[in-house]
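Asker: This structure is in structure tokens; I'll ask about it shortly.
Here, each number is a calculation from the coordinates, and none is a lab measurement. Given the structure is predicted, the values throughout are model-derived calculations rather than measurements. Glycine also receives a Cβ, built like all others from the backbone with ideal geometry; neighbour counts cover every protein chain displayed.
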Amino acid sequence: MTLSLRNNTFSSMLLALALAGTALAPSAAAAASDAPSKKAKAGAAKKDKAGKAAKAAAAKKSTDYEGEFVNFGQWKEVNQFLDEMAGKHGFERAELDATIAKVRYVDSAVQLMKPAPPGKPKNWQAYSKLFIEPVRINGGVKFWNENREALARAEALYGVPAEVIVGIIGVETVYGANTGRFRIMDALTTLAFAYPLAPSREARMAFFKGELESTLLYARQTGVDPFSLLGSYAGAVGLPQFMPSSIMKYAVDFDGDGRIDLRNSATDAIGSVAAFLVQHGWRRDDTGPLVYQATVSPSRNWERYINQGLEAKFRQQDLMSAGVVTTSSLPEGMLFGLVDLQNGSEPTEFWLANNNFFAITQYNRSYFYAMSVIELGRAVKLSRREM
């Protein structure tokens with residue numbers, strides 16, 4: 001508006017001088033010739049401002065948060081960690097200082113890690129509806145069809161059924177649609193040194209410090225910029241949401257291109273999920289269902305088999321003697337664990353789970369999670385058959 005009023009005033013002055021028959025003074029002529037230039041400059045400044053705003057918006061869009069500058073380099077605990085990295089792994093301390101100076105504090109990661117307030121009882125049916133739903137089922141069919149060769153190869157090599165791999169990737173990221181947009185350097189540093197108050201705070205901080213260590217080692221080993229690694233607010237990366245330490249220990253180059261890329265290679269993700277499960281106890285010889293629905297007797301003698309760790313370690317005969325009954329015949333000699341899936345005010349579901357069910361719980365230590373993986377994989381498999 002200011003530029004428009006200025007030019008209108010100048011035009012009125014020119015008209016008055018022309019009607020008076022007066023020649024323009026050199027200064028007025030200079031002003032006249034300069035008017036378009038100033039307008040162009042103002043336009044350029046406006047364009048530059050818009051460009052900077054667009055860049056800022058693009059940067060914000062690439063992440064799920066606005067990081068806050070905190071001088072982590074002045075924190076005693078951070079300096080001790082950097083000293084350990086330099087001494088233990090041979091990093092240049094000046095390089096580590098420069099890296100940590102770029103890290104931003106992520107308050108949203110801290111808030112998301114806070115213990116949930118007491119609320120409604122656990123409800124398996126409500127939980128499962130979040131994952132066994134049309135978007136994931138249809139996405140799973142598409143993912144399976146597009147990657148059928150890699151899934152078949154993983155099943156043949158590792159003995160992990162395609163439906164289990166599809167179930168995990170579907171539950172974790174909806175087949176890569178939701179891999180997270182946090183810079184994991186920001187998230188892990190924040191959680192390693194500013195974890196919220198909780199009973200397990202020290203143990204959790206030690207865990208995230210180890211993941212930060214793995215991130216720096218992984219970046220050096222692969223030659224990637226550690227700040228280019230995006231993931232969840234907890235630092236998990238790619239289609240299968242591997243933590244950095246799991247990438248280094250269990251991820252595989254399943255597409256044979258000479259590098260492991262869990263963010264862009266579905267084939268690498270498929271092979272890595274299968275390899276992870278095998279490393280955590282998956283047995284190809286344990287064929288058949290992973291779980292068998294059960295009922296329990298009113299005597300409640302079976303309660304001693306609940307919450308006995310994430311492993312199959314009880315004999316069928318002992319479970320039956322305690323009042324656990326199944327309608328299916330169980331494989332001879334196989335060990336089981338008794339799984340309870342609470343349904344809020346509704347009756348709890350009980351299942352006998354074999355060794356491979358508990359291998360899935362090593363991916364995420366939750367009965368609900370493992371059952372969601374199984375049910376989603378089963379739904380995708382059935383949907384493919386019906387097409």
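Asker: Between Q80 and M248, take the C-beta separation as r, use R0 = 25 Å, and let me know the FRET efficiency to the nearest 0.05.
Answerer: 0.65
Asker: Something else: Past the 25 angstrom mark, what percentage of all C-alpha to C-alpha distances in segment 250-387 do you count?
Answerer: Pairs farther apart than 25 Å: 36 percent.
Asker: Set the Förster distance to 22 Å, then compute FRET efficiency between E375 and T287 from the Cβ-Cβ distance, nearest 0.05.
Answerer: In this case the efficiency is close to 0.70.
Asker: Based on the alpha-carbon gyration tensor of segment 324-387 and its eigenvalue square roots a ≥ b ≥ c, which shape applies: rounded if a/c is under 1.5, prolate if not and a/b is larger than b/c, or oblate?
Answerer: It comes out rounded by the Cα gyration axes.
Asker: Also, I was wondering about something else. Each residue of segment 299-315 in turn: what ³J(HN,Hα) in whole Hz from Karplus with 6.51, -1.76, 1.60 and θ = phi - 60°, glycine and Pro shown as x?
Answerer: Ordered by residue, 3J(HN,Hα) equals 5, 6, 5, 6, 4, 5, 9, 8, 6, 10, x, 8, 7, 8, 9, 10, 6 Hz.
Asker: What's the center-to-center distance, using Cα atoms, between segment 241-255 and segment 102-170 in Å?
Answerer: Using only Cα atoms to place each centre, the spacing works out to 16 Å.
Asker: Convert each backbone phi in segment 248-262 into a coupling constant with the Karplus relation 6.51 cos²θ - 1.76 cosθ + 1.60 (shift: θ = phi - 60°), then list the ³J(HN,Hα) values in order as whole Hz, x for Gly and Pro.
Answerer: 5, 8, 10, 5, 10, 7, 7, 8, x, 8, x, 8, 9, 9, 7
Asker: Just tell me which aspartates and glutamates come within less than 18 Å, Cα to Cα, of K249; anything on the same chain fewer than 8 places away is out.
Answerer: Straight-line reach from K249, under 18 Å: E211, E213, D261, D268.
Asker: Output ³J(HN,Hα) for segment 110-127: one whole-Hz value per residue in order, computed from phi by the Karplus curve 6.51 cos²θ - 1.76 cosθ + 1.60 with θ = phi - 60°, and x for Gly and Pro.
Answerer: Taking θ as phi minus 60°, the curve returns 5, 5, 5, 8, 5, x, 5, x, x, x, 5, x, 4, 9, 4, 5, 5, 4 Hz for segment 110-127.
Asker: Can I ask one more? Where a Cα-Cα gap under 14 Å defines reach, which aspartates and glutamates qualify for K122, not counting those fewer than 8 residues away within the same chain?
Answerer: Qualifying aspartates and glutamates at Cα under 14 Å: D340, E346, E349.
Asker: Report the local net charge at A154: Lys and Arg +1, Asp and Glu -1, summed over other residues whose C-beta lies under 14 Å from its C-beta.
Answerer: -3
Asker: Run the simple label-point estimate for N178 and V224 please: 7 Å along Cα→C-beta, distance reported in nm.
Answerer: 2.2 nm
Asker: Output the relative contact order of segment 55-208, whole-number percent, from Cα pairs under 8 angstrom with separation of 6+ residues.
Answerer: Value for segment 55-208: 30 percent.
Asker: At 7 Å along Cα-to-Cβ for each site, give me the label-to-label distance between H89 and R204 in nm.
Answerer: Inter-label distance under the simple model: 2.3 nm.
Asker: Would you mind checking which residues have amide H under 5 Å from A294's amide H? H placed 1.01 Å from N; only 5 or more apart, or other chain.
Answerer: Amide H to amide H, under 5 Å and 5 or more residues apart or across chains, A294 pairs with F350, W351, L352.
Asker: Still on this structure, I have one more. For I306 and E133, what does the FRET efficiency come to when R0 = 25 Å and r is the distance between their Cβ atoms, rounded to the nearest 0.05?
Answerer: After rounding, the FRET efficiency stands at 0.30.
Asker: What is the list of residues in segment 171-197 whose amide nitrogen lies under 19 Å from a point 7 angstrom out from the Cα of D107, following Cα to Cβ?
Answerer: Answer for this model: 182-183, 186-197.
Asker: In this model, which of K76/K120; K129/K381; K88/K313; K88/K114 are farther than 29 Å apart at the alpha-carbon?
Answerer: Among K76/K120; K129/K381; K88/K313; K88/K114, the Cα-Cα distance tops 29 Å for K76/K120; K88/K313; K88/K114.
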